[in-house]
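Since the structure comes first, as structure tokens, the remarks are kept for the end.
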Amino acid sequence: MIPTWACCPKCHAPLVDRADRLVCTKCTAAFPVVGGLPDLRVSPDPWLAMDADRAKGLRVATEAPPGFEAAVRYYWAITPDTPTHLADRHIHHVLHAEVRTTEWLATLEPPPAAGERWLDVGCGTADLAASLPDRVEVVGLDIAFRWLCVARRRLAEGAREAVLLCGNAEALPVEDAAFDRVCLLGTIEHCADLDAVLAEARRVLRPGGQLHVRTVNRLSLLPEPHVGLWGVGFLPRGVADRYVRWRGRGGFRHHWPRTAGQLARAMRRGGFRAVEVVAARPLASEIRRLPSILRPVAGLYHRMRRWPGMSLVAPLLEGRGSIA
């Protein structure tokens, strides 16, 4: 059964459940239900065509050994075009995501409240849904069908219920004013049209709703986390992609990191109020991964992170805003 707040991503009209597909009652667009997951995308993941994405997701769902970690490792085992060192980096990031997210939630203002409904755009393997208390209703949306198949493993292991939808951040399959909070955690650096993403986030938030953003900083003085290279964000996009490929790190054409100023201006253009974009606070799990000699520096950074200019070069940015 589809949630009452779900709608056609093209015209926002209600959907009718036809067992193997969802059909719009207005524009008659049809969206398949694959392996129990509604695929409400209007455009594919730039990394993989829709049919290939679904096929890979079903392989994970049906062929991976039991368990969440096994599904993550199986996914990268059937992705041989990714260099081993990058695959290892991604595996570590995913397996420790729930710890980081729990720590981030503990710092959030206002904290999660009973009865709230949250939309996690770009949910990946659903670490936010797994970390939030049961009293919060969570919806996870991601453009990658294959990752939602992995996400179901995480939720099943934690006995956590959440709605998972495959869809686009730029065309949310959600009716207006349906959510109390929208989260874009590690998402906007993968979105070419930030204005469209923020417009959709504002549309689906209720009056008084909150937007939470956490993203890499284009001008970080540390290596770019997705490719592990210094200074990529300072290069023109075309040059950055060629450089990343030359260094054997895949490519950069589908990465769109922003500066603090770019993010703040985009949020204001999108109609958000009380906009704040600052250097993200370092999480305890992130500090523990640093060499012991650098841990005191992390503490100093935390105390200085709201100083003017810190958001220019911080490795990660946090943004928040609200609507009237």
Inset, instruction - Taking H placed 1.01 Å from N in the peptide plane, check which residues at least 5 places from residue 22 or on another chain put their amide H under 5 Å from its amide H. - result: 31, 33
Inset, instruction - Please label the shape of the stretch 262-301 as rounded, prolate or oblate, based on the square roots a ≥ b ≥ c of the eigenvalues of the alpha-carbon gyration tensor (a/c under 1.5 means rounded; beyond that, a/b larger than b/c means prolate, else oblate). - result: prolate
Legend entry - Relative contact order, percent, the stretch 24-117 [alpha-carbon distance under 8 Å, six or more residues apart]: 12
Inset, instruction - Please turn the phi angles of the stretch 107-118 into ³J(HN,Hα) values with the Karplus equation 6.51 cos²θ - 1.76 cosθ + 1.60 (θ = phi - 60°), one per residue in order, whole Hz, x for glycine and proline. - result: 9, 6, 10, x, x, x, 10, 4, x, 6, 10, 10
Inset, instruction - Counting only C-alpha contacts under 8 Å and six or more residues apart, can you give the relative contact order of the stretch 169-324 as a whole percent? - result: 30
Legend entry - Accessible area expressed per residue, the chain, with surrounding protein chains retained (probe 1.4 Å, Å²): 46
Inset, instruction - Measure off, as a whole percent, the carbon and sulfur share of the 1.4 Å-probe accessible area of the stretch 26-125, all protein chains present. - result: 59
Legend entry - Other-chain or far-sequence residues with amide H under 5 Å of residue 164's (modelled H): 140
Inset, instruction - Please label the shape of the stretch 194-241 as rounded, prolate or oblate, based on the square roots a ≥ b ≥ c of the eigenvalues of the alpha-carbon gyration tensor (a/c under 1.5 means rounded; beyond that, a/b larger than b/c means prolate, else oblate). - result: prolate
Inset, instruction - Output the relative contact order of the chain, whole-number percent, from Cα pairs under 8 angstrom with separation of 6+ residues. - result: 16
Legend entry - Protein accessible area in the stretch 228-307, 1.4 Å probe - carbon and sulfur %: 59
Legend entry - In order through the stretch 220-236: 3J(HN,Hα) via Karplus (6.51 cos²θ - 1.76 cosθ + 1.60), integer Hz, x for Gly, Pro: 4, 7, 9, x, 4, x, 6, 10, x, 10, 6, x, 4, x, 7, 8, x
Legend entry - Table column - 3J(HN,Hα) (Hz), the stretch 21-35, Karplus curve with 6.51, -1.76, 1.60, x for Gly and Pro: 7, 10, 10, 6, 6, 10, 8, 6, 4, 10, 10, x, 10, 10, x
Inset, instruction - Please state, rounded to one decimal and in Å, the Kirkwood hydrodynamic radius that the chain gives when every pair of distinct Cα atoms enters the mean of 1/r. - result: 20.4
Inset, instruction - Return the long-range amide H neighbours of residue 224 (sequence gap of 5 or more, or a different chain), with a cut-off of under 5 Å between placed amide H atoms. - result: 229, 230, 231, 232
Legend entry - Net charge over other residues, Cβ less than 11 angstrom from the Cβ of residue 253 (K, R count +1; D, E count -1): +2
Legend entry - Enclosed volume per residue, in Å³, of the convex hull spanned by Cα atoms of the stretch 70-147: 98
Inset, instruction - Just order 293-299, 146-152 by mean Cβ neighbour count inside 10 Å, highest at the front, would you? - result: 146-152, 293-299
Inset, instruction - Report, in deg cm²/dmol and to the nearest 500, the calculated mean residue ellipticity at 222 nm for the chain, where each DSSP H run with n ≥ 4 adds -39500 (n - 2.57) and the sum is divided by the residue count. - result: -10000 deg cm²/dmol
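The values are calculated or read from the model by the stated rules, or taken from the named source; none is laboratory data. Only a predicted model underlies this, so the values are computations on that prediction, with no experimental measurement involved. Positions of Cβ are generated from backbone atoms using ideal geometry, with glycine treated the same way; all protein chains shown enter the neighbour counts. For accessibility, only protein heavy atoms count, side chains too; no ligands or nucleic acids. Shrake-Rupley method; radii C 1.70, N 1.55, O 1.52, S 1.80 Å.
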